[in-house]
1. Counting residues that are modelled with pLDDT of 95 or more and open to solvent by less than 50 Å² (accessible area, probe 1.4 Å), which strands (runs of 3 or more DSSP E) fully inside region 35-82 reach at least 2?
2. Of the residues that sit in region 167-193 and are touching a strand residue (DSSP E or B) at 6+ places or on another chain (Cβ under 7 Å) and of a type in the set (A, V, I, L, M, F, W, C), which one is farthest from Leu121 (Cα to Cα)?
3. Name the single residue, out of those in region 98-118 being open to solvent by 30 Å² or more (accessible area, probe 1.4 Å) and not in a loop (DSSP other than H, G, I, E, B), that is nearest to Asp143 (Cα to Cα).
4. I'd like the residue in region 198-209 that is closer than 14 Å to Pro178 by Cβ and surrounded by fewer than 22 Cβ atoms within 10 Å (Cβ to Cβ) and, out of all such residues, is nearest to ligand 2 (Cβ to nearest atom).
5. Could you list, in sequence order, all residues of region 178-197 that are open to solvent by 20 Å² or more (accessible area, probe 1.4 Å), touching a helix residue (DSSP H, G or I) at 6+ places or on another chain (Cβ under 8 Å) and within 13 Å of ligand 1 (Cβ to nearest atom)?
6. Just for strands (runs of 3 or more DSSP E) wholly inside region 164-238: which have at least 1 residues that are more than 17 Å from the chain's Cα centre (by Cα) and acidic (Asp, Glu)?
7. Can you find a residue in region 91-108 that is polar (S, T, N, Q) and within 16 Å of ligand 2 (Cβ to nearest atom)?
8. Which of (1) open to solvent by less than 40 Å² (accessible area, probe 1.4 Å); (2) of a type outside the set (Gly, Ala, Ser); (3) under 17 Å from Phe98 (Cβ atoms) does Ile145 not meet, given it meets every other one?
Amino acid sequence: MEILKVNDLNKSFGDLHVLKGISFSMQKGEVLAIIGSSGGGKTTLLRCLTFLETADRGEITVDGDKIVSETEENGKFKCIYPDEENLRKRALKVGLVFQDYNLFPHKTAKENCSLAPINVLKTDKETADAKSVEILKRVGLEDKIDYYPYQLSGGQKQRVAIARALCMNPSLLCFDEPTSALDPELTAEVLKVIKQLKNEGVTMLIVTHEINFARDVADKVIFIDNGVILEEGDAKSVIDNPKNARTKEFLQSIAL
Ligand SMILES: Nc1ncnc2c1ncn2[C@@H]1O[C@H](COP(=O)(O)OP(=O)(O)OP(=O)(O)O)[C@@H](O)[C@H]1O
Ligand SMILES: [Mg+2]
């Protein structure tokens, strides 16, 4: 079953054409790793897919719902977005885990997780809290449920952020370099949780520089360079046997 379909996505900031016709799709339960050099447009793509940024051209379909469509007028294409309220509702299907966690500092781990289900999904507090506790346990934080972010390590904060995203039942969970702010030991903790979520069947799109992790956990890898998908395929073949010269160069540069 197709969870995400992106068709010819384009995005410019002023004169800077950042995404130049990105197309790919993801199946339910699939893990996709996006790799590529700095400034290539990976974060911009994630921001478009999580509707924090509006694209200029192209289509985005999530779980069979075409949220962004395209129209043509006198040879000029543009995206059509639903109105704000509708967009916010439909956008809930895509969760995002930020690189720097974005937790509310004055709320505990459990409160951080329950907040959106209570305020946005209108779940009652008791049900929301019970689910938060269950998911915090799933990410190995059973003993930190009532801790505030300042009492947690970076890896623990990142796991709260993952739990918080999961509490909204997303069809697709996106990560933007989830471990880049962490030292190796904490990185391993977070990667272990992501691997476990894969085994539980969570569909995930992960922008990462952790190439070994991508090879190990991702089903598919996409290499984006300068706003274009230059290579795409089975994780092991793209990483171990890149066909494109730029992909080869990139993989060699980060292996150094
Ligand atoms: N809001 C913005 N306004 C103007 N330019 C932007 C904006 N956001 C991103 N850019 C530009 O778009 C390009 C792509 O940036 P993006 O953050 O998507 O790259 P990236 O692949 O995530 O890089 P990195 O690996 O360093 O995180 C960059 O040249 C960046 O300066
Ligand atoms: Mg980025």
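1. Because the criterion is at least 2 residues that are modelled with pLDDT of 95 or more and open to solvent by less than 50 Å² (accessible area, probe 1.4 Å), the strands (runs of 3 or more DSSP E) in region 35-82 that meet it are 57-62, 65-73.
2. Start the filter on region 167-193 by keeping residues that are touching a strand residue (DSSP E or B) at 6+ places or on another chain (Cβ under 7 Å), which leaves 168, 170-178.
Filter again for of a type in the set (A, V, I, L, M, F, W, C), leaving 168, 172-175.
Details: Met168: 8, Leu172: 17, Leu173: 17, Cys174: 20, Phe175: 22 Å.
Among residues in region 167-193 that are touching a strand residue (DSSP E or B) at 6+ places or on another chain (Cβ under 7 Å) and of a type in the set (A, V, I, L, M, F, W, C), the one farthest from Leu121 (Cα to Cα) is Phe175.
3. Checked region 98-118; the qualifying residue nearest to Asp143 (Cα to Cα) is Lys110.
4. Of all residues in region 198-209, those closer than 14 Å to Pro178 by Cβ come to 198, 202, 204-209.
Those left that are additionally surrounded by fewer than 22 Cβ atoms within 10 Å (Cβ to Cβ): 198, 202, 209.
Details: Lys198: 22, Val202: 22, His209: 10 Å.
This residue is His209.
5. Passing the criteria: only Ala181.
6. On the way: elements: 172-176, 204-207, 220-225, 228-234.
Fully inside region 164-238 and qualifying: 220-225, 228-234.
7. Checked against the condition, which is being polar (S, T, N, Q) and within 16 Å of ligand 2 (Cβ to nearest atom), region 91-108 yields at least one hit.
8. (3) is the only condition that Ile145 fails.
The values are calculated or read from the model by the stated rules, or taken from the named source; none is laboratory data. Keep in mind that this is a model prediction, so the values were computed, not measured. All Cβ positions, even for glycine, are placed from backbone atoms using ideal geometry, and neighbour counts span all protein chains on display. Heavy atoms of the whole protein, side chains included, go into the accessibility calculation; ligands, DNA and RNA do not. Shrake-Rupley method; radii C 1.70, N 1.55, O 1.52, S 1.80 Å.
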